[in-house]
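Here's the structure, in structure tokens; my notes come after.
The values are calculated or read from the model by the stated rules, or taken from the named source; none is laboratory data. Model, not experiment: these values are computed from the prediction. Note that each Cβ is placed from the backbone with ideal geometry, even for glycine, and that neighbours are counted across all protein chains shown. Just the protein is used for accessible areas: all its heavy atoms, side chains included, with ligands, DNA and RNA removed. Shrake-Rupley method; radii C 1.70, N 1.55, O 1.52, S 1.80 Å.
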Amino acid sequence: MATTLDPVTFEVLKNAFINTVDQMAEQILRTCYSFVIYSRDFSSALCDTEGNTVMQGTGDIAAHVGTLHYTAKAVIRQFEGDIHPGDVFVINDVYEGGSHFNDTRIIRPIYYQGELLGYAQANGHWADVGGATPGSFNVKALDHMGEGLRIPPTRLWSKDQFLDDVAYLIAKNTRNPRDIIGDMQAQAEATRVAEREIQRLCDKYGVETIKTAMAEVQDYVEDLTRAKIAELPDGVWYTEDYIDQDPARGEGLIPIKTRMTISGDTVHYDLSESHASISSMLNAGFGGSFAGIVAGTKMQFPDIPLNSGFYRVVTADLGPLGSVVNADWPSPCAGFCSGPFEKIMSSVFEIWSDIQPERAMACTFNLEYLLVGGRDQRGEGNPNFMWYDWMMGGWGARNGADGYNASAAVFGVQYGTQPFEGQERLAPVLTSCHDLVPDSGGPGKFRGGLGAEKGGKLWASDNTVMSYCCDRERSVTWGLWGGLPSIPHGVWLNKGTDDEQYLGSIFAAVPIKSGDEFTRPSAGGGGLGDPLQRDVDAVLEDVIDGYVSIARAEKDYGVVIKENDPEIFAYEVDLEATIGAREYIRSNRHAWIERDPEAVSEEYRAGLINEMDCVRQYGVILDWGSGEVLTNTTSQFRQMLQRRTVIHWTDDPTVDFVPGTLTVSEPATV
């Protein structure tokens, strides 16, 4: 990179820009009102005069970072020629490059002695932005009007004058105006922190030096990225992942098709063959989809900072408007994070696993949100409450290591687990359990990380409804290179009682009452490599640790464990029985994966087998509440298993797994 700054000054200012964004984050964390934002569902950015990202911070959320330059540019377009010192703008518009309506951005122009230098942007997830359901995740919405308030680029402060009429018009169309105004002020103050810091740097180094540094840090990231890509082989790779369903079209998986091309020092993604937009909130606008591409690719190069220089090298074709990855107005997009975003990231990980197998990772659990909202009888006047919860889950197994247990989703790895004490103080929901889920890690030579189960009990409430935003109930978290899937997602209401009801992985506004209990697991990560090649001592340690049950050690890994004295964790491997069990699985598993789905369904409904047996042994997807076979989904899921798992199985136990190739001339038909 040809730089006009000396190396020391360049390095100091590059890190000063990162520190500026991190200071914005600290300001938000210490002054926000919303418990959701306090749990770190926010991101910030410093942009140049054109809206290009100059720098992200060290703790921003993956699903935000590829969108912030779009919303900055939208504000610039809308108010071109009418932007002044002391102005502050707000935007959450999905169709202008935002992620979903809850992610609301506050943008401030930064001036120094009358000259515009750039923009500071603070994005926070507002817990409610109106719409038909508390929390604004409405799976029944057929358009964005059912999801909440769409805010195009709008002025909130004019030359330091707070436009309270505009602010309250926004806030009073939500279920908690007090928190919205508080978060709005906190985000605006964070942008003021950035303004103050950039002005301080101008005082110290001179305005021309700062302007040069803002341009050159983008060139620096571009050059670093190009150099990394140039070291890799040219080629074309293709894969698919799936959303569970389109409610209007009946059962059947919804494909998201990703083709990646490396040519010289550039990377290009083509998602133009993906499915049309669907009749639920699991669509993504162009910003949300591009964020998945950016986040998945950036994780392959952890040593490179992130700004718009990265976007000069990593490009995307999302195809025409109207697809599930390029939704057009007025398609609902609130659940983009559980839908296309996560599927795109997982596909990107899979493709790069072929290119850099030493960094390979199987599929990671799907981000999920459970929302309970109503009136709180504990407070004067029965105020509105919102219990907004997300779970940790298992990451995919890696080449040479097991996946992480109960970790934040790839959507935002810095997410915090919300403290139960704080949740219970703010909402009439008691946490009844929060445990690791044994056997939830996808079996493999390297095991997927474990998911968790969380339960809650509603009390002292009126007019309460529950909604869930998730996926992977049917397109179950998959394994790689012979590894097996994890477990399906889904919520149970009053499980084990006469009122038991299976609600599934995506629903909205289900009425619940005081005394009702609910529980749901998060999936673990997928396994990597043939589980019959997992070291028997590693399986034994998993049993001792409670990660794998004795029954599934035999079913999934072919390892027979003798229970000598569980009180002192005295277990041992029966080696002779293990040899026989592994040979039995090796001889029969190809036939199991082709077994009649109706026969599998009958055994499931009779209680002879469970969800793990259906998914891992037989590749059969059922309605997990009724046991009905989902014929189309099962056919698609089995084809996926053949491609990612079965093709890598070998009858020779001495042959190690060989990374597969996704390099194809044409996509497979699914």
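In Å³ and rounded to a whole number, note down the convex hull volume per residue for the Cα atoms of segment 521-615. Mind dumping the intermediate values first?
Working: hull volume 12.2 nm³, N = 95.
Cα-based convex hull of segment 521-615, divided per residue, equals 129 Å³.
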Specify whether the C-alpha gyration tensor of segment 512-670 places it in the rounded, prolate or oblate class, a ≥ b ≥ c being the square roots of the eigenvalues: rounded for a/c under 1.5, otherwise prolate if a/b is larger than b/c and oblate if not.
-> oblate
Where does each of 627-633, 422-428 land if you order them by average Cβ count within 10 Å, highest first?
-> 627-633, 422-428
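Within the set of other residues whose C-beta is less than 12 Å from the C-beta of Val139, count the net charge using Lys and Arg as +1 and Asp and Glu as -1. Walk me through the numbers on the way to the answer.
Details: positive: Lys140; negative: Glu147, Asp244, Asp246, Asp471.
My count for the surroundings of Val139 gives -3.
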Average silhouette area of segment 586-663, convex hull of alpha-carbon atoms, in square nanometres = 5.9 nm²
Amide H to amide H under 5 Å from Ser440: which residues, 5+ apart in sequence or cross-chain, H placed 1.01 Å off N in plane?
-> Gly451
Starting at 0 and stepping by 10 Å, how many percent of the alpha carbon pairs of segment 252-343 end up in each bin?
-> 17, 49, 27, 7
Take the eigenvalues of the Cα gyration tensor for the chain, scale each by 5, and report the square roots as semi-axes in whole Å, largest first.
-> 42, 30, 22
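Ordered by packing density, taken as the mean number of other Cβ atoms within 10 Å over each peptide's residues, highest first, how do 564-572, 469-477, 142-150 rank? Provide the component values of the computation, followed by the final result.
Details: 564-572: 10.2, 469-477: 28.6, 142-150: 20.0.
For the peptides 564-572, 469-477, 142-150, the packing ranking is 469-477, 142-150, 564-572.
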Globularity index of segment 445-585, i.e. its alpha-carbon radius of gyration over 2.2 N^0.38 Å | 1.32
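Rounded to two decimals, what is Rg over Rh for segment 209-294 when you use alpha-carbon atoms and the Kirkwood radius? Intermediate values should be presented prior to the final figure.
Details: Rg = 17.9 Å, Rh = 15.7 Å.
Rg divided by Rh gives 1.14.
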Can you pull the semi-axes for segment 1-73, root of five times each eigenvalue of the Cα gyration tensor, sorted largest first, whole Å?
-> 26, 15, 9
Counting only Cα, what are the radius of gyration and maximum Cα-Cα distance Dmax of segment 291-422, in Å?
-> 18.4, 60
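Where does segment 132-286 land on Rg(C-alpha)/(2.2 N^0.38 Å)?
For segment 132-286, the normalised Cα radius of gyration is 1.53.
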Report relative contact order for segment 351-493 in percent, whole number only (criteria: Cα-Cα under 8 Å, sequence separation at least 6).
-> 27 percent
For segment 246-325, accessible area per residue (1.4 Å probe, heavy atoms of protein chains only), Å² = 28 Å²
For segment 515-670 the mean separation of alpha carbon contacts under 8 Å (6+ apart) over residue count, i.e. relative contact order in percent, is 16 percent
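Carbon and sulfur together cover what percent of the accessible area of segment 6-150 at a 1.4 Å probe radius? Each step should come with its number before you reach the end.
Details: 2160 of 4310 Å².
Here it works out to 50 percent.
With a 1.4 Å probe and every protein chain kept in, tell me what percent of the accessible surface of segment 330-392 is carbon plus sulfur.
Details: 550 of 1350 Å².
Taking all protein chains in place, segment 330-392 shows 41 percent carbon and sulfur surface.
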When you count, for each residue, the other Cβ atoms within 10 Å and take the mean per peptide, how do 92-101, 186-195 rank with the highest first?
-> 92-101, 186-195
Residues other than Leu13 with Cβ under 14 Å of its Cβ, Lys/Arg counted +1 and Asp/Glu -1, net out at -4
Isotropically averaged projected area of segment 27-141, using the convex hull of Cα atoms (one quarter of hull area), nm² = 7.9 nm²
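All other residues with a Cβ under 15 Å from the Cβ of Glu380 taken together, and with Lys, Arg as +1 and Asp, Glu as -1, what is their net charge? Walk me through the numbers before you get to the answer.
Details: positive: Arg178, Arg375, Arg378; negative: Asp376, Asp462.
Within the 15 Å Cβ shell, the charges total +1.
Counting pairs of alpha carbon atoms under 8 Å apart in space and at least six apart in sequence, what relative contact order in percent does the chain give?
On the way: 1717 pairs, mean separation 76.8, N = 670.
Rounded, it is 11 percent for the chain.
Whole number please: convex hull volume per residue, Cα atoms of segment 303-350, in Å³.
Working: hull volume 5.9 nm³, N = 48.
Taking the convex hull of the Cα positions in segment 303-350, it is 122 Å³ per residue.
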If you average over every viewing direction, what projected area does the convex hull of the Cα atoms of segment 214-261 give, in nm²?
-> 5.9 nm²
